[in-house]
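Have a look at the structure below, then the notes.
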Amino acid sequence: MIGDKKVLFSGMQATGNLTLGNYLGALSNWVKLADEYECFYSVVDMHSITVRQDPAELRSRARKLLCLYIAAGLDPEKNCIYYQSHVSGHAELAWILNCFTYMGELSRMTQFKDKSAKHADNINAGLFTYPVLMAADILLYQADVVPVGIDQMQHLELTRDIAQRFNALYGDVFTVPEPYIGKVGAKIMSLQDPAKKMSKSDENPNASIYLMDDPDTIMRKFKRAVTDSLGAVRYNEEEQPGICNLMDIYGACTGKSRQDIESKFEGKGYGDFKTAVGESVVEKLRPLQEKMEDLAKNKDYIDSVIKNNAEKAQYFANKTLRKVQKKVGFPEKIR
Ligand code: TRP
């Protein structure tokens, strides 16, 4: 708890471009959370170097991601949006937690298995202990809830195990975090294969709408979206998964219900419908894109957000870190 609010922590990697799926499914729903939770959103640049990165590229992507969160409506006065690498407590706590995590546990992580298969030439120790750094991120802020996708659930489970193990030895040091199960946003699927989730790492650029795509690109991608040969705008999940996905997108962008959409496009062809969906997405993303342009011109403002929020994060991180250091027996600093 911070004040009378529960703490929410989430980390995001600055690799790949955020998609409409990330926005409608997650980000846009986070805006309202700041009233209920003390929210920390960390751009986890330390996690990113577990696979090779181009340094200039990583730096620029990390800044863009941070701006995107602000452009998407997260007020940086109310939400602590900061770079993980600016708060040294993450690395310090991760070291300590490494000593409370077993090789066997880390070997079982499916993401480690996947990534070490994919980067067989660089299976470094950081890739192996990645989940421990993630545990440190979460436990450092005594987070009550963590919004995570299914792919990160195993890491969150491990975080809980580490916290409970530590607490069993030293008393109640860490809050044991829960997955955040709030109102879930629309689940947006690939435009090229409606059986797959829209993903920022999809190799086919036509499968995803990126948040910074220009209007022409957006319209073109919707024109090419996979549909079916039935020719009716109906929410028919079995036979028309592509149309269902387009209806979900249109609904999320306009607030219209499935029924409204069906009657609006009664007797019209897919061409008209796709144009309408594309236009609704262009309009939905316009304010976000304009805000991004604004922020890009406002270097001093962003720099001050980065500085102030790093200090805020540091303050809470240090509180936990000092407690933990004392518990494990590190000598007190002489001030
Ligand atoms: N591992 C997460 C991912 O790849 C990112 C992450 C790092 C994270 N630290 C976190 C997510 C803490 C939630 C909480 O998506």
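For the stretch 1-26, the set of residues classified as in a helix (DSSP H, G or I), in contact with a helix residue (DSSP H, G or I) (Cβ under 8 Å, 6 or more places away or on another chain) and either within 13 Å of the ligand (Cβ to nearest atom) or at pLDDT 95 or above (or both) consists of LEU20 only.
Under 8 Å between Cβ atoms, which residue pairs at least 6 apart in sequence (or on different chains) link something in the stretch 50-67 that is in contact (Cβ under 8 Å) with a residue 60 or more places away in the chain and buried (at least 16 other Cβ atoms within 10 Å of the Cβ) with a partner that is part of a helix (DSSP H, G or I) and among the hydroxyl-bearing types (Ser, Thr, Tyr)? Close Cβ pairs (under 8 Å, with a partner that is part of a helix (DSSP H, G or I) and among the hydroxyl-bearing types (Ser, Thr, Tyr)) amount to THR50/TYR130. In the stretch 233-245, how many residues are buried (at least 16 other Cβ atoms within 10 Å of the Cβ) and free of Cβ contacts under 8 Å to residues at least 40 places away in the same chain? The total comes to 3. Applying the criterion of at least 3 residues that are touching a Ser or Thr at 6+ places or on another chain (Cβ under 9 Å) and away from the ligand (no atom under 12 Å from the Cβ) to the helices (runs of 4 or more DSSP H) found wholly in the stretch 39-117 leaves 55-71, 89-98.
Within the stretch 150-175, the set of residues being touching a residue at least 60 places away in the same chain (Cβ under 8 Å) and either in contact with a strand residue (DSSP E or B) (Cβ under 7 Å, 6 or more places away or on another chain) or of a type in the set (Gly, Ala, Ser) (or both) comprises just one member, GLY171. For the stretch 118-127, filtered to residues that are farther than 20 Å from LEU140 by Cα and either outside the structural domain of ARG52 (by TED's automatic domain parsing) or under 23 Å from the mean Cα position of the chain (by Cα) (or both), the residue that is nearest to the ligand (Cβ to nearest atom) is LEU127.
Given the condition on the phi < 0 side of the Ramachandran plot, in contact with a Pro (Cβ under 6 Å, 6 or more places away or on another chain) and within 12 Å of the ligand (Cβ to nearest atom), answer yes or no: does some residue in the stretch 165-177 qualify? Taking every residue of the stretch 165-177 in turn, none turns out to be on the phi < 0 side of the Ramachandran plot, in contact with a Pro (Cβ under 6 Å, 6 or more places away or on another chain) and within 12 Å of the ligand (Cβ to nearest atom). Scanning the stretch 270-288 for residues that are loosely packed, with under 12 Cβ neighbours inside 10 Å and of a type outside the set (D, E, K, R) gives a single hit, GLY271. MET212: under 24 Å from the mean Cα position of the chain (by Cα) and part of a loop (DSSP other than H, G, I, E, B), yes or no? The answer is yes for MET212.
The values are calculated or read from the model by the stated rules, or taken from the named source; none is laboratory data. Since the structure is predicted, the reported quantities are computational estimates derived from the model, not experimental observations. Cβ coordinates were reconstructed from backbone atoms using ideal geometry, including for glycine residues, and neighbour counts include every protein chain displayed.
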